[in-house]
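**Student:** I have a structure here, written as structure tokens, and I will follow up with some questions on it.
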Amino acid sequence: MTRQELAHPPAYGNGPARHVPRPARRRSGRPVAFLLVAAAVVLVAVFGVYPLLDRTDQPVVQAVDRALDAARSSDQATGVAGGDIPDGAATLDDDLPAITGLDAALTDAVRTAADDAAADGIDFWVTSGWRSPAYQQRLLDDAVRTYGSLDAARERVSTPELSEHVHGKAIDIGPTEGAYWLIQHGPEYGLCQVYSNEIWHFELLTRPGGTCPALLENAGG
């Protein structure tokens, strides 16, 4: 599919997956630890040179505080800021955290696959991409209520600690024909279906033209 087509995905309901190519270059699930270290380095440098300044009033201190607050809030967000995709479908060019938070290599691979799929008359769109830990937990909690137990829920939704969505390294593709096309052709781009019960979930698990790992039965094992 062409990039122009990706920019106008068809409406989609609340079905399983509809994920499409990649986002801006996301930095692996909101790198809070990296920001903390960077902030510390900046503060040490500034206060080492200007030890007599009132630290709380300095622009650099306020900027660091704002950056840290934004990073923390993104980890705790459960709406669009946490990775939810309005209407359930997006393109790799959409300015949404679910897209911009994706790993760059994953996004590039999906984008290339989408262009080739379009040549075959197959549409791609993204139904889920990067997710915050809080949003992933909310999805798991919803699944527990739906399926009656944590074990049953875990077969369909991973934990925040184990989900590759939280690291921006997993993407869900829709519609169904797009997912099946990618199952067949994905290894040409290094993209692999991961779980046998999730035809829409793909990760970059091999080199282009390589062999994908054996399917896992579900997200719980």
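The values are calculated or read from the model by the stated rules, or taken from the named source; none is laboratory data. All values derive from a computational prediction rather than experimental measurement. As a convention, Cβ positions derive from the backbone with ideal geometry for all residues, glycine included, and neighbour counts pool all protein chains shown. Quick note on the areas: whole protein, heavy atoms, side chains included, nothing else; ligands and nucleic acids left out. Shrake-Rupley method; radii C 1.70, N 1.55, O 1.52, S 1.80 Å.
**Student:** Could you check the range 124-161 and list, in sequence order, the residues that are outside any helix (DSSP H, G or I), open to solvent by 50 Å² or more (accessible area, probe 1.4 Å) and either touching a strand residue (DSSP E or B) at 6+ places or on another chain (Cβ under 7 Å) or more than 22 Å from GLY83 (Cα to Cα) (or both)?
**Tutor:** GLY148
**Student:** With the condition kept exactly as written, say whether any residue in the range 173-181 is within 18 Å of the chain's Cα centre (by Cα), closer than 21 Å to GLY79 by Cα and outside any helix (DSSP H, G or I).
**Tutor:** Yes, the range 173-181 has at least one match.
**Student:** Could you tell me which residue of the range 206-221 is farthest from SER158 (Cα to Cα), considering only residues that are open to solvent by less than 30 Å² (accessible area, probe 1.4 Å) and in contact (Cβ under 8 Å) with a residue 24 or more places away in the chain?
**Tutor:** Step by step, filter the range 206-221, then rank; the result is ASN218.
**Student:** A further question follows. If GLU203 meets every condition in (1) touching a residue at least 24 places away in the same chain (Cβ under 8 Å); (2) farther than 18 Å from ASP108 by Cβ apart from one, which number is that one?
**Tutor:** Single failed check for GLU203: (2).
**Student:** Related question: Kindly check whether there is at least one residue in the range 173-181 that is free of Cβ contacts under 8 Å to residues at least 40 places away in the same chain, open to solvent by less than 30 Å² (accessible area, probe 1.4 Å), of a type in the set (Gly, Ala, Ser) and within 24 Å of ALA214 (Cβ to Cβ).
**Tutor:** No, the range 173-181 has no match at all.
**Student:** Just one of the numbered conditions (1) part of a helix (DSSP H, G or I); (2) at pLDDT below 95 is not true of THR78; which one?
**Tutor:** (1)
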